[in-house]
Amino acid sequence: MDCGKDSMRWKVIEREYLHRRPWLTVRRDSLQMPDGTIVPEYYVLEYPNWVNIIAITKEKKFILVKQYRPGIEKTCLELCAGVCEKEDVSPLASAQRELMEETGYGGGTWSEFMCVSPNASATNNYSYCFIAEDVEEMGDQHLDESEELTVHLLSFEELKKLLESGNILQATMAAPLWKYMALYGK
C-alpha cells in the first residue's frame with residue numbers, strides 16, 4: 001500500500017544517533033519538509049521488524065501466550081510474537097521459529113496475513129502477521145532467558161470475547177485479530 005506521494009517525502013538534513021542498545025536505538029533527525037520548513041529535532045526509535053502469529057491447531061483452537069509486559073505493568077494474553085533476527089531468512093522464518101520456541105507448536109499451513117507499522121510517526125519498523133493453520137504440538141518450549149510465558153488454547157468464541165472486552169491490549173496483535181474476526185467470523 002502506498003501511504004503517500006514521493007513529493008511529500010521529507011529530506012534528511014542531519015541524522016544523529018543518541019543511544020544505541022540492543023533493544024533501544026534512538027536517533028534525532030533534522031528534516032526539511034517539501035514546503036521548505038525545517039524541523040530541527042525529530043526523534044525516531046529504531047527497532048527490528050516484528051512478527052506475530054494467529055496460530056490455529058488442527059482442533060481449531062487458537063494458540064495464545066500469557067506473559068508479563070513491563071511497559072504497561074500488566075500480564076497480557078496475546079499472540080505468539082517476536083523479532084526478526086538477523087539470521088532469519090525472512091519474516092516467515094522468524095514467525096515459524098518464534099511459534100516453535102515460545103509454544104512448542106509447528107508445522108501446518110502458513111500464509112502472510114497483514115503487515116502494519118506499529119507507530120509510523122515514531123518507529124521505523126513493521127510488524128508482519130501470519131496465519132498458521134493446522135499446527136500441532138511438536139516439542140517443548142525453548143524460551144529466552146528473559147521470557148516467562150504460558151501457552152493457552154482458546155476457542156474462536158473465547159478469543160472473540162477477549163477482543164470485545166478489550167483484553168487484547170497490544171495494538172499490533174489486536175489489529176490482525178479484528179481483521180481475522182471481520183473476514184472469518186461467524
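The values are calculated or read from the model by the stated rules, or taken from the named source; none is laboratory data. Keep in mind it's a predicted model, so treat the numbers as computed, not measured. Using ideal geometry, Cβ is built from the backbone for each residue, glycine included, and neighbour counts are taken over all protein chains shown. Areas reflect the complete protein model, heavy atoms only, side chains present, ligands, DNA and RNA absent. Shrake-Rupley method; radii C 1.70, N 1.55, O 1.52, S 1.80 Å.
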Added length on full extension, which subtracts the Cα-Cα distance from 0.36 nm per residue, Thr75 to Val89
1.9 nm
Just to make sure I understand: if all protein chains stay in place, what is the order of Arg21, Arg27 by accessible area at 1.4 Å, largest first?
Arg21, Arg27
With the charge dipole of the chain built from beta-carbon charges (+1 for Lys and Arg, -1 for Asp and Glu) about the Cα centre, the Cα from Tyr68, Met173, Val89 projecting farthest to the positive end belongs to Met173
Flagged links, alpha-carbon separation over 18 Å, of Lys60/Lys161; Lys58/Lys161; Lys61/Lys160; Lys61/Lys161:
Lys58/Lys161
Considering only Lys60, Lys161, Lys86, give the residue with the highest GNM mean-square fluctuation for the chain, with springs between Cα atoms whenever their separation is below 10 Å.
Lys86
About the Cα centre of the chain, what is the dipole size in debye to 20, counting +1 per Lys and Arg Cβ and -1 per Asp and Glu Cβ, all else neutral?
640
Taking the full set of protein chains and a 1.4 angstrom probe, give the accessible area of Thr75 in square angstrom, rounded to the nearest 10.
90
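Given 0.36 nm per residue, what is the gain on full extension from His19 to Leu163 after removing their alpha carbon distance, in nm?
Roughly 48.2 nm would be gained on extension.
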At what distance in nm do the modelled label points of Trp10 and Glu112 sit from each other, each positioned 7 Å from its Cα along Cα→Cβ?
2.7
Per-residue ellipticity at 222 nm attributable to helices in the chain (runs of n ≥ 4 DSSP H, -39500 (n - 2.57) apiece, nearest 500 deg cm²/dmol) works out to -6000 deg cm²/dmol
Just going by the charge dipole of the chain, with Lys and Arg at +1 and Asp and Glu at -1 on Cβ, which of Trp23, His152, Tyr105 is farthest out on the positive end?
Trp23
Give the residue list of GluC sites (Glu not before Pro) in region 18-69 that are DSSP loop and have at most 13 other beta-carbon atoms within 10 angstrom.
Glu59
If you take the square roots of the eigenvalues of the alpha-carbon gyration tensor of region 90-186 and sort them as a ≥ b ≥ c, do you get rounded (a/c under 1.5), prolate (a/b over b/c) or oblate?
rounded
Test of understanding: in a Gaussian network model of the chain with alpha carbons linked when under 10 Å, which of Ile54, Ile13, Ile168 would top the mean-square fluctuation ranking?
Ile13
Solvent-accessible surface (1.4 angstrom probe) belonging to Asp140, in square angstrom, nearest 10
120
Filter the GluC sites (Glu not before Pro) in region 94-186 to those in DSSP coil with at most 16 other Cβ atoms within 10 Å of their Cβ, and list the result.
Glu145, Glu147, Glu148
Gyration tensor (alpha-carbon) shape descriptor, region 1-60, a/c threshold 1.5
oblate
From most to least accessible, 1.4 Å probe, no ligand or DNA/RNA atoms counted, Lys58, Lys66, Lys160 line up as Lys58, Lys66, Lys160
Return the label of the correct value of log10 I(q)/I(0) by the Debye sum over Cα atoms at q = 0.08, 0.13, 0.16, 0.17 Å⁻¹, as calculated from the structure shown, out of [x] -0.23, -0.63, -0.97, -1.09; [y] -0.31, -0.75, -1.03, -1.12; [z] -0.25, -0.69, -1.06, -1.19.
[y]
